[in-house]
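Before any comments, here is the structure.
The values are calculated or read from the model by the stated rules, or taken from the named source; none is laboratory data. Here the structure is a predicted model, which means the values were calculated and not measured. Note that each Cβ is placed from the backbone with ideal geometry, even for glycine, and that neighbours are counted across all protein chains shown. Side chains included, ligands, DNA and RNA excluded: accessible areas come from the protein's heavy atoms. Shrake-Rupley method; radii C 1.70, N 1.55, O 1.52, S 1.80 Å.
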Amino acid sequence: MITRKELIKKYLDFFKSKGHKVIPSASLIPSNDPTVLFTTAGMHPLTPYLLGQKHPLGNRLVNVQKCIRTTDINEVGDSYHHTFFEMLGNWSLGDYWKKEAIEMSFEFLTSKKWLGLDKNKIGITCFAGNKDAEKDEESLKVWLSLGIPKERIVFLPKEDNWWGPAGNTGPCGPDTEMFYWKDKEIEIPKKFNPKDERWIEMWNNVFMQYNKTENGKFIPLKQKNVDTGMGVERTLAVLNGLTNNYETEVWKPIIERIEKLSSTGSERIVRIIADHIKASVFIIADGITPSNTGQGYILRRLIRRAIRYGNFMGLKNFISKVAKSVFEIYENNYSELKKNEKEILSLLSGEEEKFNKTIEQGEKELKKIIGEIKPSVFGLKGKDKKPEISGKIAFLLYQSYGFPLDFVKETAHRYNINVDEKEFNQELFKHQELSRTASAGIFKSGLADNSEKTIRLHTATHLLNEALRAVLGPEVKQKGSNITPERLRFDFSFSRKLTDNEIKQVEDLVNKKIKQGLEVKKQDIKLKDALNSGAQAEFGSKYPEIVSVYFIGGFSKEICTGPHVKNTREIGKFKIIKEEAIATGIRRIKATVE
Ligand code: ATP
Ligand code: MG
């Protein structure tokens, strides 16, 4: 048996022994990166360094990173995809390349001193090549030299073995993935087949060797990076000889708690409930509350979906009861859980109570639809056929009240009424396409593509932070920040509305500092020294031992990863467009630069 804690320690220790420095897990909510709603991999918070900025801890890094992947929501319920998971990762920022990266992965996986996995159960995928980039023969050679037989190495196209760029342009490259035969009973097939789910993908080494330019060309990068990601849950299952992640210590207590409350749910439903509750706890712990936009909307959807599936198996007012087990598993490792346990649990209960009322309304609606045979109004098709609820209506119930299709079907079948599933799926597909297009939109306008404007807004954010303290007093503290190419958004602690005069004073002070043409300088120093010197740090953020501090003239001093303009004159004219409350004691300012 190996525990989660031991696995993480082994990974960090191994890479430390290879000259890597440990960096903390970043928040699930990306700061100053409008390209994504959540941190989906360990590389996200490292983007500026992958683009060439120097990291204060050097060019070999390692960590375990909290991740949320909402794109995997349809996979959730299988044995190895979760919305929240932990990713182990090691990085080379322009340092080692394919040979060393693969050799280190192989040593960690198979050496008795480390994971001690059976080399005969490993399968490998490599990039097959296309018109833009060559076949990854280099990785193949390294794998062969390590004794992986040819029939266990498969070449796959871009859809499978290529990463990036995050926006339209930027670093990207092929990857090589490590799979493991997890089935205990059956003899291992000689040939490796990545599409056979008994081979599980555990680890991915991405080789960022190209820069995709505006005109769609792939140019070799000067700084070549290695970026790897290994799932804690999958690896833990493999190491303990378990065929599904839900039997590991990071899931089992949650599953058992649900099953104790009710024994009527299918395996898939119980997993979905557990998954969504765990993800919700971590999202709330990083400062998000349920709402109708952005991360808050995703959070609300997760909580509601868990509630609906719970109701389905006869559970009511259960979310916070189940959530307790999430704390038991993780609270010693994540202080943001321990510190906020009470608030998180009461927020979950509150959201459930609110949603219960919505559900009551929805149930009435569904009964009405079922009860009345009025084809045009209630979506039932003609009487000559067997009465049927249209897919459009079922989708509406899903969207407005969070009713899963299964639930509508179950209820309708009781009255001998069918549901047009095909149409429901068409509606769902249309909707998903729309939201995918919308999120592709977010990607397009991201930091990678529109860097100049976002960088100006970023430096303006630092000036604003300091100007607020100068005008309102030293008790003002930054609570959050987010930048899109259109505007900056800054949350801070303050107990009342700002007067028009105060807003003007803040705006004037920022513009004065811009006009003064102050130089922006970066210095890498020990975290302790940075904090002692009074540098601003974002509340609740975790920082490595050595941090970058950005100085703007003598005016502002802030721990930050950058990037920033070189001189404040580059920012342009600063304008506050909105000031509002977002919670008790927390204000929000939105501003632009022209
Ligand atoms: P898959 O094809 O199985 O969805 P992936 O190619 O999306 O995996 P990567 O983006 O390469 O995965 O992420 C690196 C590692 O993180 C994976 O090898 C896996 O161990 C883990 N991982 C990825 N997605 C999930 C998830 N939804 N739940 C749990 N672990 C995951
Ligand atoms: Mg995936």
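Inspect the range 148-162 for any residue being in contact (Cβ under 8 Å) with a residue 60 or more places away in the chain and outside any loop (DSSP other than H, G, I, E, B) and give the result as yes or no. No, the range 148-162 contains no residue that is in contact (Cβ under 8 Å) with a residue 60 or more places away in the chain and outside any loop (DSSP other than H, G, I, E, B). Taking the range 45-56 as the range and being within 16 Å of ligand 1 (Cβ to nearest atom) and open to solvent by 30 Å² or more (accessible area, probe 1.4 Å) as the test, the residues that pass are P45, T47. Residue count for the range 50-75, restricted to those that are within 15 Å of ligand 2 (Cβ to nearest atom) and within 15 Å of the chain's Cα centre (by Cα): 7.
Test I577 against the stated conditions and say whether it is loosely packed, with under 14 Cβ neighbours inside 10 Å, touching a residue at least 40 places away in the same chain (Cβ under 8 Å) and assigned to a strand (DSSP E or B). Judged against the criteria, I577 is a match. Inside the range 57-75, can you point out the residues that are buried (at least 22 other Cβ atoms within 10 Å of the Cβ) and either more than 16 Å from ligand 1 (Cβ to nearest atom) or not basic (K, R) (or both)? Listed by number, the residues that qualify are L61, V62, N63, V64, Q65, C67, I68. Out of the residues in the range 4-19 that are under 24 Å from the mean Cα position of the chain (by Cα) and open to solvent by less than 50 Å² (accessible area, probe 1.4 Å), which is farthest from E249 (Cα to Cα)? Checking each candidate, the answer is F15. In the range 534-561, the qualifying residues are those that are touching a helix residue (DSSP H, G or I) at 6+ places or on another chain (Cβ under 6 Å) and assigned to a loop (DSSP other than H, G, I, E, B), and the one that is nearest to K513 (Cα to Cα) is F555. Close contacts from the range 65-76, counting a first residue that is farther than 25 Å from N425 by Cα and a second that is near ligand 2 (Cβ under 7 Å from one of its atoms), with Cβ to Cβ under 6 Å and a gap of 6+ residues or different chains, come to none at all. Cβ separations smaller than 6 Å between residues 6+ apart or across chains give the following pairs from the range 34-53 residues that are over 14 Å from N90 (Cβ atoms) to residues that are open to solvent by 10 Å² or more (accessible area, probe 1.4 Å) and basic (K, R): T40/R69. For the range 81-112, taking the residues that are in contact with an Asp or Glu (Cβ under 7 Å, 6 or more places away or on another chain) and assigned to a loop (DSSP other than H, G, I, E, B), the one that is farthest from ligand 1 (Cβ to nearest atom) is identified as T83.
Among the residues examined, E341 does not qualify as free of Cβ contacts under 8 Å to residues at least 40 places away in the same chain, surrounded by fewer than 18 Cβ atoms within 10 Å (Cβ to Cβ) and closer than 26 Å to E410 by Cβ. Every condition in (1) in contact with a helix residue (DSSP H, G or I) (Cβ under 9 Å, 6 or more places away or on another chain); (2) part of a loop (DSSP other than H, G, I, E, B) holds for G42 except the one numbered (1). Go through (1) touching a His at 6+ places or on another chain (Cβ under 6 Å); (2) within 16 Å of ligand 2 (Cβ to nearest atom); (3) among the aromatic types (F, W, Y) one by one and return the number of the condition F38 breaks. It is condition (1) that F38 fails. Taking the range 283-340 as the range and being part of a loop (DSSP other than H, G, I, E, B) and either assigned by TED's automatic domain parsing to the domain that holds V64 or closer than 17 Å to P404 by Cα (or both) as the test, the residues that pass are M313, G314, L315, K316. For the range 278-301, a residue qualifies if it is in contact with a His (Cβ under 9 Å, 6 or more places away or on another chain) and crowded, with 24+ Cβ neighbours inside 10 Å, and the qualifying residues are K278, A279.
When each of G540, G534, G517 is tested for being surrounded by fewer than 18 Cβ atoms within 10 Å (Cβ to Cβ), at pLDDT 90 or above and of a type outside the set (S, T, N, Q), the lone residue that passes is G517. Identify all residues within the range 177-188 that are within 16 Å of ligand 2 (Cβ to nearest atom) and either touching a residue at least 60 places away in the same chain (Cβ under 8 Å) or in contact with a Leu (Cβ under 9 Å, 6 or more places away or on another chain) (or both); write none if there are none. Scanning the range 177-188 gives E177, M178.
Looking across the range 202-227, the residues that are buried (at least 23 other Cβ atoms within 10 Å of the Cβ) and within 15 Å of ligand 2 (Cβ to nearest atom) come down to M202, V206.
Of all residues in the range 87-101, one or more are within 16 Å of ligand 2 (Cβ to nearest atom), open to solvent by 10 Å² or more (accessible area, probe 1.4 Å) and in contact (Cβ under 8 Å) with a residue 12 or more places away in the chain. When you look at K504, is it outside any strand (DSSP E or B) and open to solvent by 80 Å² or more (accessible area, probe 1.4 Å), yes or no? Yes; evaluated as a whole, the condition is true for this residue. On the basis of being at negative phi and surrounded by fewer than 18 Cβ atoms within 10 Å (Cβ to Cβ), does K479 make the cut? No, not satisfied. Regarding N130, is this residue away from ligand 2 (no atom under 16 Å from the Cβ), touching a Lys or Arg at 6+ places or on another chain (Cβ under 7 Å) and part of a loop (DSSP other than H, G, I, E, B)? Yes: the conditions hold for N130.
Among the residues of the range 266-276, are any open to solvent by 10 Å² or more (accessible area, probe 1.4 Å), touching a residue at least 12 places away in the same chain (Cβ under 8 Å) and either of a type in the set (G, A, S) or touching a helix residue (DSSP H, G or I) at 6+ places or on another chain (Cβ under 8 Å) (or both)? So far as the range 266-276 goes, yes, one or more of its residues are open to solvent by 10 Å² or more (accessible area, probe 1.4 Å), touching a residue at least 12 places away in the same chain (Cβ under 8 Å) and either of a type in the set (G, A, S) or touching a helix residue (DSSP H, G or I) at 6+ places or on another chain (Cβ under 8 Å) (or both). Among the residues of the range 188-235, just one is among the small types (G, A, S) and either farther than 23 Å from A279 by Cα or more than 9 Å from ligand 1 (Cβ to nearest atom) (or both), namely G216. For the range 159-175, the tally of residues that are within 16 Å of ligand 2 (Cβ to nearest atom) and closer than 23 Å to L46 by Cα stands at 7.
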